[in-house]
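The values are calculated or read from the model by the stated rules, or taken from the named source; none is laboratory data. Note that the structure is predicted; figures quoted are calculated from it, not measured. Virtual Cβ from ideal backbone geometry, glycine too; neighbours counted across all protein chains shown.
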Amino acid sequence: MIVYFDKENLESLLRSRSVPSYGDVERMIKNQLNIKFNFTKAAIHSGTNGVGLANYATQITSGRGEQLNHEFLEEQYPARPVKQNAHTHFDHITRPVMLVNDERTAAYRDINACLIGEVGQEVEVLSRLQKRGGDYEFESKLYIGEPEFRNWDHLRPYCLPCYDVIISDRYLLLQDDDTIRANYPKLLENLLYDKQIKVNIVLIVLRRSNNREVSWTFEQIKKLTKDKVKALTGKAPNFTLVWANDPKNVRHDRHIITNYQWLQSGDTFNYFSATGNLLSEGDTLTINSLARAEHRRGANLILNRFQTRIDNVRALNPDYVQGDRVSSFLTF
């Protein structure tokens, strides 16, 4: 994960040291995030506080270990002015946190695709990558069926901006229609709440298991997904469905990976019945922030395993990968 600083934003962060959550934010920047400065190393010395800003940049980039890096850029990132479709031009930058001084920053922030902030919003934006109400924590656990998580709407406050959603769940579609409709669309609704963008959605599921077979056709699943997401975001998503007959080609654990988060579950995401009763025998839904370097390593490992299994499915039966075949993380 890379945090990008315009010079004005870095100056603003330096002035924010009295903000209560500043300490945890600085610790995160220094110990967990890659840093790119949207200005040259020579430019940092200009202005009335050049020496202080240069010292601050040195402070947050020193002693970070070999796994983290920093860089001074000749060109600003993202390109200016910031466009509403900026995330479609990010190439391989899939988890950017952008703190930029641009007149269109607010408009781009409001579509909820990426974490982005104006001058003065640095601590607020970066704090979202840590546990809500936590003390330098990057993991939240929701206990399924308890008061804090009795329906999918309770997930909403934990969700961050995103433009990619990957769901891997062996048994998500191996259920009766009512159970599927009570969970899958509601899960999408809360993951994508208040997003106003074209999202890439990838669904990885088993087609059959233990004499059960998915009764839905691809066209039916596509219609359910696209209709639901378009109603939420105003734009039909890119949707890709990866079927598998062999359980070895769908991970046993259930995962949801978005641009800034990795959700893990031991049980299928069909937690609730159509009447709101608890179906799941699982205990927790774990929400990991990918701001933490160890969580990024784990999510990237899972993504690599997804890719290997997608390649296996395509080799066995190319028709088992259907849809738009668009993802920032996977290839089809």
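Annotations
- Failed item in (1) more than 20 Å from V125 (Cα to Cα); (2) modelled with pLDDT of 95 or more; (3) among the charged types (D, E, K, R), with K36 passing the rest: (1)
- Selection from segment 35-56 of residues that are touching a helix residue (DSSP H, G or I) at 6+ places or on another chain (Cβ under 9 Å) and not hydrophobic (A, V, I, L, M, F, W, C): N38, K41, H45, S46, G47, N49, G50, G52, Y56
- Any hit, segment 258-272, residues being touching a residue at least 40 places away in the same chain (Cβ under 8 Å) and either surrounded by fewer than 17 Cβ atoms within 10 Å (Cβ to Cβ) or part of a helix (DSSP H, G or I) (or both): no
- Taking the criterion of being without any contact (Cβ under 8 Å) to a residue 60 or more places away in the chain, within 23 Å of the chain's Cα centre (by Cα) and not in a helix (DSSP H, G or I), the residues of segment 199-230 that qualify are V199, I201, L203, V205.
- The number of residues in segment 219-241 that are among the β-branched types (V, I, T) and under 22 Å from D176 (Cβ atoms) comes to 2.
- There is no residue in segment 259-269 that is of a type in the set (V, I, T) and within 19 Å of the chain's Cα centre (by Cα).
- Number of positions in segment 310-332 that are of a type in the set (A, V, I, L, M, F, W, C), in contact with a Phe, Trp or Tyr (Cβ under 7 Å, 6 or more places away or on another chain) and either part of a strand (DSSP E or B) or without any contact (Cβ under 8 Å) to a residue 60 or more places away in the chain (or both): 1
- Against the list (1) in a helix (DSSP H, G or I); (2) in contact (Cβ under 8 Å) with a residue 60 or more places away in the chain; (3) closer than 25 Å to I2 by Cα; (4) not charged (D, E, K, R), the condition P157 fails is (2).
- As a summary of the residue check, G65 satisfies the conditions (1) at negative phi; (2) more than 24 Å from the chain's Cα centre (by Cα) except for the one numbered (1).
- Check on A236, touching a Lys or Arg at 6+ places or on another chain (Cβ under 7 Å) and modelled with pLDDT under 95: no
- Hey, Q307 part of a strand (DSSP E or B) and farther than 28 Å from F149 by Cβ or not: no
- Count of residues meeting criterion [surrounded by 13 or more Cβ atoms within 10 Å (Cβ to Cβ), more than 20 Å from E8 (Cα to Cα) and not aliphatic (A, V, I, L, M)] in segment 115-133: 3
- Residues being surrounded by fewer than 19 Cβ atoms within 10 Å (Cβ to Cβ), of a type in the set (D, E, K, R) and either touching a helix residue (DSSP H, G or I) at 6+ places or on another chain (Cβ under 9 Å) or touching a residue at least 60 places away in the same chain (Cβ under 8 Å) (or both) - total across segment 9-21: 1
- Test: residue in segment 90-106 that is buried (at least 20 other Cβ atoms within 10 Å of the Cβ), out of contact with any Phe, Trp or Tyr (no Cβ under 8 Å at 6 or more places or on another chain), not in a loop (DSSP other than H, G, I, E, B) and not assigned by TED's automatic domain parsing to the domain that holds N300: yes
- Residues in segment 22-42 that are more than 22 Å from T105 (Cα to Cα) and exposed (fewer than 15 other Cβ atoms within 10 Å of the Cβ): G23, R27, K41, A42.
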